């Protein structure tokens, strides 16, 4: 189990202003924006049609992700190219300047059929350099900007084991490292966050068990037979009570698709997700004034901002949901040697995953999983094992080194020199289990149960002595009065390195209650860390720095006492946000 102190930090975290660790998302931007030589001055397509500049859109989208993730996601555009190419359709057809201009001026009459683009050709012919960058970790996600009738999905997963994300997952490129492509249209600059939202619905639906598929009791009061993601997506169209955050097409008060601007007031539990998993914030009346008064991307930013971003596990799943969506190849909970992790109230219809680090001297890894209902189980080196993510759109959807032949309540795997699938014992291994039911209707009304995971490395890894953590900022008797502060520290004595850092603070050093600041199991938390100070707070404060070594052992040190007196930080008004969005559109 996770040490009690860290678990306490998780349960005490209860505000939206807390900083989080940062996920650096490396983006390749490609725009198919042909030069229209048949138009005066030979403009680019977007200029000829009066559409948005795709490179400006990409810049906006990095900012939107910063807002949607409450500062966690840091999009880094590592390469961007604009192609003077009409992409190839699946039957070999390509538009020309003249043929495309003809359908544009005729109200899209005569558009080519079949409309589907040749996805394989995009990557093997137009951008053959792209997949190697993905495989080497230099690119995590691709934003590929097109025009109307290009024939793309909104989002698509590529790679071994790729599964549904609002489109069929595909293994056509042969890459082992999964990556997602977003295909925005530069005719509609407000829609890319909708694409991202649909992708998230697919990916999170696979982990939690698809929220859009009915199963017994999921809509019925008292709503006890519902997974957390399905609960998150409840809206008024599901019933007049227990309204939460809705989903991509339906806001909390929506009865119909795309009804994001309704002034209809509903009693909504959306604020409770800021205090997940305790869900202590009370419901209140809400309408579209909360999520942008009908502006598409503002509604999606609001929706993503309500997703949990906390530390640890709850009902078996990660409490930072964006990890599942944006860290596709490592969306797992690290577990050290001789650790036992037990989770209760688990819906084993979903999937659960753990990351194991075997240091260089390791000769054997033993994994034992026990579950309250029979599940499937798999392991894989260097990336998540994937199979049978409960979707209808996968081509193969199988990527693993070992997979169970059927469902069982106990699974044991031993990795050693004779049984390592040709990949060696040491390094990173991933295990997953779940999929306890064949079909939604086979899931019982009372499906909550438990699981237990134990990993043992031989020889047992140890550190010769506890590390030394030195905190240099905030300094002794410092006085912080602004909106940000610096936490700086050093750590010596961990020869195998650090698996994770955790930061916490208290505003009452004499009788402390500790609040989590951030975690970095998969996010890049380093010293010095820019801390977003708690708003409108005064007191004698301290911070804690907790390190977790690669074996799962935690060590802690606490700073000297310092003063804290911070101003209130008002939320920007919806009107201000809408005006800013309109000004950006007008400036194009």
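The table for this structure:
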item	result
Every residue from the stretch 499-526 that is surrounded by 16 or more Cβ atoms within 10 Å (Cβ to Cβ) and more than 22 Å from the chain's Cα centre (by Cα)	504, 505, 506, 507, 509, 512, 514, 515
Only one of 357, 430, 451 that is surrounded by 21 or more Cβ atoms within 10 Å (Cβ to Cβ), outside the structural domain of residue 544 (by TED's automatic domain parsing) and within 30 Å of residue 214 (Cβ to Cβ)	451
Qualifying positions in the stretch 101-116 - touching a residue at least 24 places away in the same chain (Cβ under 8 Å) and outside any loop (DSSP other than H, G, I, E, B)	101, 103, 104
Complete set of residues in the stretch 319-336 that are surrounded by fewer than 24 Cβ atoms within 10 Å (Cβ to Cβ) and within 15 Å of residue 273 (Cα to Cα)	319
Which numbered condition residue 237 misses (of (1) within 24 Å of residue 317 (Cα to Cα); (2) part of a helix (DSSP H, G or I); (3) free of Cβ contacts under 8 Å to residues at least 24 places away in the same chain)	(1)
Residues of the stretch 274-295 satisfying the condition of being modelled with pLDDT of 95 or more, part of a helix (DSSP H, G or I) and surrounded by fewer than 22 Cβ atoms within 10 Å (Cβ to Cβ)	289, 290
Test: residue in the stretch 117-129 that is in a strand (DSSP E or B), touching a helix residue (DSSP H, G or I) at 6+ places or on another chain (Cβ under 6 Å) and not assigned by TED's automatic domain parsing to the domain that holds residue 531	no
Failed item in (1) out of contact with any helix residue (DSSP H, G or I) (no Cβ under 9 Å at 6 or more places or on another chain); (2) crowded, with 18+ Cβ neighbours inside 10 Å; (3) in a loop (DSSP other than H, G, I, E, B), with residue 139 passing the rest	(1)
The stretch 326-355 - residue that is touching a helix residue (DSSP H, G or I) at 6+ places or on another chain (Cβ under 8 Å) and part of a strand (DSSP E or B) and, of those, nearest to residue 498 (Cα to Cα)	351
Candidates 484, 426, 492, filtered to the one that is under 15 Å from residue 547 (Cβ atoms) and in contact (Cβ under 8 Å) with a residue 12 or more places away in the chain	492
Search result, residues across the stretch 175-204 that are modelled with pLDDT under 90 and surrounded by 23 or more Cβ atoms within 10 Å (Cβ to Cβ)	192
Hits in the stretch 160-174 - residues which are surrounded by 22 or more Cβ atoms within 10 Å (Cβ to Cβ) and in contact (Cβ under 8 Å) with a residue 60 or more places away in the chain	161, 162, 163, 164, 169
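The values are calculated or read from the model by the stated rules, or taken from the named source; none is laboratory data. If you're wondering where the values come from, they're calculated on a predicted model, not measured in any experiment. Every residue, glycine among them, receives a Cβ derived from its backbone with ideal geometry; neighbour counts consider all protein chains shown.
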